[in-house]
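First comes the structure, then the notes that go with it.
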Amino acid sequence: MDGPVRASLDASAEPPPYFRGNEGSLVSALKTLLFFTILMVTLPIGLYFVSKAYIFEGSMKMSSSDSYFYAAIVAVLAVHVVLALFVYVAWNEGAPKGKGKHD
């Protein structure tokens with residue numbers, strides 16, 4: 001009586017066959033998400049401080065309050081660029097690699 005129960009439990013321990021094919025795409029999607037998450041955190045903050053110190057206060061000799069304002073604009077623009085790139089990559093991630101001829 002233990003044999004059929006054990007066999008059914010062993011069979012249910014494996015993921016379904018269709019799931020195995022999606023593991024690569026899942027890993028790819030998670031890598032893409034991780035990359036853009038790190039980029040979303042580091043790029044705007046880095047550009048804020050670099051543009052404030054070196055561009056606006058260093059090269060353009062702006063006051064501290066003016067450089068805060070313009071550096072914040074640079075950071076917001078960087079956020080929008082990263083978001084647009086993420087949407088573009090996510091949209092094209094599932095698309096076929098090769099473009100065939102249309103007859």
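Values for this structure:
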{"read-out": "Flag for residue 101 being modelled with pLDDT under 90, within 20 Å of the chain's Cα centre (by Cα) and part of a loop (DSSP other than H, G, I, E, B)", "value": "no"}
{"read-out": "Flag for residue 70 being open to solvent by 70 Å² or more (accessible area, probe 1.4 Å) and in contact with a helix residue (DSSP H, G or I) (Cβ under 7 Å, 6 or more places away or on another chain)", "value": "yes"}
{"read-out": "Selection count where residues are open to solvent by 80 Å² or more (accessible area, probe 1.4 Å), among the hydroxyl-bearing types (Ser, Thr, Tyr) and either in contact with a Leu (Cβ under 9 Å, 6 or more places away or on another chain) or modelled with pLDDT of 55 or more (or both), scope segment 13-41", "value": "0"}
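The values are calculated or read from the model by the stated rules, or taken from the named source; none is laboratory data. Only a predicted model underlies this, so the values are computations on that prediction, with no experimental measurement involved. Because the Cβ atoms are built from the backbone with ideal geometry, glycine has one as well, and the counts that use them run over all protein chains shown. Note: areas computed on protein heavy atoms with side chains; ligands, DNA, RNA excluded. Shrake-Rupley method; radii C 1.70, N 1.55, O 1.52, S 1.80 Å.
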